[in-house]
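One structure below.
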Amino acid sequence: MSAESGHPSDAPIAAGCSVAATPVRNRWLVLAVLCGSLLLVALDATILNVALPSLAADLAPSAAGLLWIVDVYSLVLAGLLVTTGTLGDRFGRKRLLVAGFVVFGAASVAAAFAPSAAALIGARAALGVGGALIMPATLSIIRVVFTDRRELALAIGIWGAVGAGGAAVGPVIGGVLLQHFWWGSAFLINFPVMVVAIVLGVWLLPESRASKARRWDLSSAVLSMAGMVALFYAIKTVGSDGITTKAVVVGGLAVVLLTTFVRRQFRLTEPLLDLSLFRDRAFAAAVGCVVLALFGLFAMMFFLTQHFQLVLGYSPMKAGLLMSPATVASLLAAPAAGMLVTRYGSRPVVGLGFAAVAVGFGLLAGVRVDSPYARIAAALVLLGLGATLAMTAASQTIMSAAPAERAGGAAAIQETGYELGGALGIAVLGSVMTATYTAELGNVAGVPPDAMAAARESLAGAATVAEGLGGARGARLFDAATSAFVAGFDLTVGIAGAVMAAAAIAAFLLLPARERAQGTTPASHE
C-alpha cells in the first residue's frame, strides 16, 4: 500500500517530488516512533551525569577519562550527523534509521557491561554512531509524512520538545535507576526500547530518499571527524595539563584539518556540507545560538549533579529529582517557543532566552553547602526555560533562513550544532573546572604525595582517597577538595554567565525581526 493511504510502502518516496496532496493517515504514529527514538538519543547525552560518582568508584577513570566517557558520545554524534544525513539521502532514510536502532541497541548492551573505562569510552563512541544514524532521519521522515503546513510546524515543535526534554530528563531517569540498580542500567534501558523501535520502524515507517542523491565524499567526512577529534583533544589537554607542546601541536593539527575541510567544501560541486548557507547572516547567527544554548545547559547539568552527590552527599535518585525543575521548564518552553516566535519573531525570544540563562548562572554563583535549594531550583528553571526558548526559536530561524530546496542540509547543520554545543560545553567548561580544581587543591597535612596526586584528578577521586584514609586526615582532604571544587564551580559559572549575556546581545543585533516564509513549508520531500 502507498504511504498516502496510511500504511508503509516498499517503494521509496523521492525527496525531489512534489508534496503529496493527501497526508499520511498514520503520521502521528510515525511521529511517536521517531520521537521515541530521538528521546533515547537525547537522553543518553545527560543520563550518565548522575552515575559519574559510582562509575568513577567502579572503573577508576582519570579526570580526562571521565570527561571522555561523557563527551565522546556527543563528539562522535556531532561529527557524523552531516555524513549520515547524506547517506540517508542516497540509500534511504528508513534504512539508515533502522540500522541506527540496531547499532544503538547493541552499543547500549556493550556500555552497560563495560569492564573498564576504555571499554566504556569505546561503547559510548559506538552509541554516538547509532545516534548519528538516527537523528537526521527522524526530522527528514517527519518532513515526508506531514504535508500540512500547520501540522508540520506542530510536529517539528513536538520533535524539538522531545529532544530538549530528553536531555533535561536524563539526570532524573538516571537517578531513579541508580537508586535501585548499578550504573550500567542507565545504558541497558535503551535495549528493549530499540527492539520495539526496530519492529515498528520496519512495519510503519515509509522509505524516502532524494531523487538525485549527492555524492558522498569520504575525504570530507574523514577531514571533519578527524579535525573535531583533534580540536577536542587539544582543549582537554590544556584543561588538564595546561598549554603544553602536545596541546599546541594537536590544536594546530585541528586547525589545518578543519581549514582543509572548509576549503574542500567550497571546491566541490556536491559538498558534504553546504557551507554557502552560512553566508546568510540570520542562518549563521541562529546556528551559533543553537550551539551556545546547549553549551551552557549541558555543562551545568554535568557540574550540578556532582555538586549534589559529592559535595552535599545526596543519593543519585535524589540528585536526579533535584534537577527536575530544568526538565519541567524545558518541556514547557519548547512548544511555547513556536507560538512566541510566530507572534513576536525570533529575535526577542532568543535574546530573552539567553538573558534568562545568564541570570540563572548568576544565581548559581556563590552557591555553597548551606545555600537554600530554592536558589538552585530558581536557577535551574531559568536555565531550562531560557536555553530551550533560545534553541527552539533559533532552530525555526535556521529553517526559515535556508532556501526550501536546501532544508535537509539546514536541518543536519542544526542537529550538528545541537550536539556540538553540548560537547563543547562539557569540554571547554569541564577543562576550566578541572584546571581550577587542580590548581586550588594544595597539599593537605598528613596526606601522602601519591594520595594527593590521586585526589587532584577529580572530586570523585578525592572522595575515594578521603574515605580510604579515614579519620581526621580524610576529613581534612575532603574539605580541601570541596573548597577547590567550589572555587572551580564559581569561576566556571561566571564564564558561562558572561558568554550567555554576550549571546543575548548578539541575538538582538544579528537575528532578523521576522522569519521568512520560504523555509516554513518545504517545496520538496526531505
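What follows draws every value from the coordinates through simple rules; no lab data is involved. Keep in mind that what you see is a predicted model, and the values were worked out from it rather than measured. Cβ atoms come from the backbone with ideal geometry, glycine included; neighbour counts cover every protein chain shown.
Suppose R0 equals 45 Å. What FRET efficiency, 1/(1 + (r/R0)^6) with r the Cβ-Cβ distance, do VAL196 and THR260 give to the nearest 0.05?
Details: r = 43 Å, r/R0 = 0.95.
With a Förster radius of 45 Å, E is 0.60.
On a full-extension model of 0.36 nm per residue, what is the gain between PHE91 and THR244, subtracting their alpha-carbon distance, rounded to one decimal in nm?
Numbers: separation 153, 0.36 × 153 = 55.08 nm, distance 4.44 nm.
Going from the current span to full extension adds 50.6 nm.
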When ranked by the protection proxy of mean other Cβ atoms within 10 Å per residue, highest first, what sequence do the peptides 353-366, 243-256 form? 353-366, 243-256
Calculate the length of the line joining the C-alpha centroid of the stretch 429-477 to that of the stretch 326-340, in whole Å. 40
Efficiency of FRET from Cβ geometry, ALA32 and LEU509, R₀ 45 Å, rounded to 0.05: 0.70
